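The values are calculated or read from the model by the stated rules, or taken from the named source; none is laboratory data. Computed from a predicted model, the values in this text were never measured in an experiment. Glycine gets a Cβ as well: all are built from the backbone with ideal geometry, and neighbour counts include every protein chain shown.
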Amino acid sequence: MASSTRGVRIWLYITTFTILLMIGVGGLTRLTRSGLSIVEWKPIAGVLPPLNDEQWGVEFEKYKQFPEYQTVNGHYELHDFKFIYLWEYSHRLLGRLIGLIFAIPLFYFAIRGRVRGGLAHKLVGALILGGLQGFIGWFMVKSGLVDQPRVSHYRLATHLGLAMFLMVFLYWIARDVRYPLRKAFGGERRLFTWTLAFLSLLCLQIFYGALTAGLHAGHMYNTFPLWNGLMIPPGMGSMARDIFDNPVTVQFIHRGLGYSTFFAALALTVVRLNGSRCVH
């Protein structure tokens, strides 16, 4: 069984790694403020970057029509634009490559009868979500091409969240192909519960990290562990929407989730070690 699924597992691990790489490139694209440099979404025609000065000039003129250039980067010259363009282009190109890395072997393994039944359904679902991720990426970028040169923090969190989900989902499938999840926990319900709690907190922490980045909430208070010398930062709202839209509240929750995730990891470790001792 292990030898018959080896190729499938290697393929899924490679895809998982490329998604992790994609997340890293996406983070660098954001840190270099490059995400709004390509103002169109052309899934096919956009494979090739500008190849000569004339094409670069056309892309630069398109960029000039949007708020980021008009309100932030008006001093940019062509060489500045090329720098941010190539970061965003690399991010999008890697997304296309991941699609090919996943779809072509999936078709091959399906023809050979190596993926079928429940496994096939999971992988087709992952393929559909991968296509949806490309659309969500553009949906996010589009939100920053309207009035303010800043993408919606909700769309940013959705984009990152789906990328993380796909990465974990494919890794889980790769592991499950050889060693099913139900066997990994061996009926230890307590271990399963703590693992689920830890992963839930971790996902929520990542989600709030994206909200914090999207709102530039980290700029509000940049001292640690206190908030400019205070235990509780002023400016936190009391309305329900403040937990998603108020930069101070969002950063406060993000830090709190960091502590919670850390202690959940410690608890999970203790439960795991106790379980190992019981087995021995």
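Structural remarks
- Hits in the stretch 239-256 - residues which are touching a Gly at 6+ places or on another chain (Cβ under 6 Å) and among the hydrophobic types (A, V, I, L, M, F, W, C): Val248
- Criterion: in contact (Cβ under 8 Å) with a residue 24 or more places away in the chain and either farther than 30 Å from Val177 by Cβ or not assigned by TED's automatic domain parsing to the domain that holds Glu77 (or both) - qualifying residue of Thr29, Thr15: Thr29
- Filtering Ala126, Ala163 for residues that are touching a residue at least 60 places away in the same chain (Cβ under 8 Å), of a type outside the set (Phe, Trp, Tyr) and in a helix (DSSP H, G or I) leaves a single hit, Ala163.
This table checks each residue for (1) hydrophobic (A, V, I, L, M, F, W, C); (2) surrounded by fewer than 16 Cβ atoms within 10 Å (Cβ to Cβ).
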position	(1), (2)
Asp53	no, yes
Val58	yes, yes
Glu61	no, yes
Gln70	no, yes
Asn73	no, no
Leu78	yes, yes
Trp87	yes, no
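- Test: residue in the stretch 51-62 that is assigned to a loop (DSSP other than H, G, I, E, B) and farther than 30 Å from His216 by Cβ: yes
- Evaluation of Asp176 against (1) more than 20 Å from Gln251 (Cα to Cα); (2) at pLDDT 95 or above; (3) surrounded by 17 or more Cβ atoms within 10 Å (Cβ to Cβ) (one fails), failing number: (2)
- Any hit, the stretch 16-26, residues being crowded, with 18+ Cβ neighbours inside 10 Å and assigned to a loop (DSSP other than H, G, I, E, B): no
- Criterion: in a helix (DSSP H, G or I) and surrounded by 18 or more Cβ atoms within 10 Å (Cβ to Cβ) - qualifying residue of Leu204, Leu211: Leu211
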